[in-house]
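Note sheet for the following structure.
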Amino acid sequence: MGSDRPIQLSLLGEDSGLAAAIARNLGQGFDARYLSDFEGQRRPDWKDQCDVVLLDFRNEAAGNHERGFTLMDEIHSSPSRPPIVALCDEDDRPLMMQVLERGAYDTLANPPNIAELRLILQRAHKMRTAEKELERLRAEARNEGKLHELLGTSSAMQELFALAQKIGPCDVSVLITGETGTGKELLARAIHQMSGRAARSMVAFSCANLPENLIEAELFGHEKGAFTGAISSRRGRLETADQGTLFLDEIGDLGLGLQPKLLRVLQERTFERLGSNTTINVNIRLICATNRDLGEMMQQGQFRDDLYYRLNVVQMHLPPLRERRDDIPLLAQHFLHMSAQQFNKKVKRFSQPALHALEEYAWPGNVRELENAVQRSVVLSEGHTVDVWHLPSAIRSSCDVAIATRSYETEVRQFKRRLLLRTLRECGWRKAESARSLGVARGYLHRLINQLEINEHEEEKRPGPAISRPPQDAIAAKQVM
């Protein structure tokens, strides 16, 4: 389980006998306790003292599950929000689907297979532990406030944050490179916030796909009558950013005719409006961004080398999202929280398959695409959980094979390995006794040990005293193996 502390399990339902049998057969690693409706009302803090809830829908009146759904809503609204595993009648598929839509982690047919139940409870606990860690990291990132809205715990982003903190207070030009949607403007704003110019404005302007004359008018401003349509004088972005920061996005799209004019501003700190001979002094910090290779453009004569070296005092590269997949859960949960607040939705988490799908997708649109995908999913969800079918079709289709492969090969292999390792330790690593306990041939057991690379010196999940294993474990072992 990765910890010496047993999983705290609360069993809710009307059948105290079933709850006692489950608690007895779960074995080591679980601290299970039955909770009646009366006890739950008397101890409203029980939700904060458990890791997973096992909720029994089986004994409720046919077609009437309001008590169970009310309990689910109460659990989801508690600060600790422990995951819920629901026990349903095997033939009641509509109820199982409804319970999942209301935010249950998983469902299991009654009476449960103990080996399967144990695995599901462990995975639910692991998922909630990961969620708590993501919430903690998001709170830390939010509380630091040093990099504006940028989030990232990957090593690449941490190195970038450290560099930004060093250059932020230094009044040097910065060139930010990276693919579209990686957050280049957010990084520019973070640098501005850490500079001595933070009290003044950061003016942003994108040069992408604009004609040269329009870019010139926007940057330098113009006098009345300077060109057709100039019915009044107008300040440009350079004047507006005076004493502050000017952020020029997609600087690679700046035409060759305008590049020497921008270079003069950087060298002389002066310029003239269109249609005027009056020199205007300006004091700005320039931060530029591009998704193009300016070095290659310079070699091809598409970008001036003197301007390139003026802009490229400090270069910072924002990696694409596919190169920092460790940040995907953190970013996705952050966007889910923001979208839920924006649209007044009660969604709080992603299902495990949905999170796997987000982690597997290539994200050609980077963080911007992730934000849009999460926003769409939150809008479509009706319960507390975003599931796979809420995600855009491109994400679902690209991840179906990977998720299916992971589910069959990885999960089953891990289950086999845990079961085999546990049995061997309980039997003192006596192969013949272990084979009898599992109900398999000794030769087959030896092949499994070799295939799963199990050895007697492993340290994972050291058991305490041996416990009697429920017969369902042996049945499950035969079925899986």
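Restricting attention to region 207-238, which residues are among the acidic types (Asp, Glu) and buried (at least 18 other Cβ atoms within 10 Å of the Cβ)? Within region 207-238, GLU216 is the sole residue that qualifies. Looking across region 11-34 at every residue that is free of Cβ contacts under 8 Å to residues at least 24 places away in the same chain and surrounded by fewer than 17 Cβ atoms within 10 Å (Cβ to Cβ), the one that is farthest from the chain's Cα centre (by Cα) is identified as GLY17. Filtered by the rule that a residue be among the acidic types (Asp, Glu), within 30 Å of GLU135 (Cβ to Cβ) and part of a loop (DSSP other than H, G, I, E, B), region 151-183 gives a lone residue, GLU179.
Within region 274-315, being closer than 20 Å to LEU186 by Cβ and touching a residue at least 60 places away in the same chain (Cβ under 8 Å) holds for ARG285, LEU286, ILE287, CYS288, ALA289, THR290, ASN291, LEU311, VAL314, GLN315. Name the residue that is surrounded by the fewest Cβ atoms within 10 Å (Cβ to Cβ), counting only residues in region 96-114 that are within 30 Å of the chain's Cα centre (by Cα) and among the aliphatic types (A, V, I, L, M). Across region 96-114, the extreme among qualifying residues is MET97. Here GLN41 passes the criteria (1) part of a helix (DSSP H, G or I); (2) at pLDDT 75 or above except the one numbered (2). Just one of the listed residues (ALA340, ALA354, ALA332, ALA362) is touching a Phe, Trp or Tyr at 6+ places or on another chain (Cβ under 8 Å) and among the hydrophobic types (A, V, I, L, M, F, W, C), namely ALA332.
The set of residues in region 197-206 that are more than 13 Å from ASP253 (Cβ to Cβ) and surrounded by 12 or more Cβ atoms within 10 Å (Cβ to Cβ) comprises ARG197, ALA198, ARG200, SER201, MET202, VAL203, ALA204. Residues that are buried (at least 16 other Cβ atoms within 10 Å of the Cβ), at negative phi, in a helix (DSSP H, G or I) and at pLDDT 85 or above: does region 84-95 have at least one? Checked against the condition, which is being buried (at least 16 other Cβ atoms within 10 Å of the Cβ), at negative phi, in a helix (DSSP H, G or I) and at pLDDT 85 or above, region 84-95 yields no hits at all. Checked against the criteria, ALA402 counts as surrounded by 13 or more Cβ atoms within 10 Å (Cβ to Cβ), at pLDDT below 85 and under 30 Å from MET338 (Cα atoms). The condition (being touching a Ser or Thr at 6+ places or on another chain (Cβ under 7 Å), modelled with pLDDT of 50 or more and either in a helix (DSSP H, G or I) or not basic (Lys, Arg) (or both)) is satisfied by just one residue among LEU448, LEU424, LEU420: LEU424.
The values are calculated or read from the model by the stated rules, or taken from the named source; none is laboratory data. As the structure is a prediction and not an experimental result, all values here were calculated from the model. Cβ: placed from backbone, ideal geometry, glycine included. Neighbour counts: every protein chain shown.
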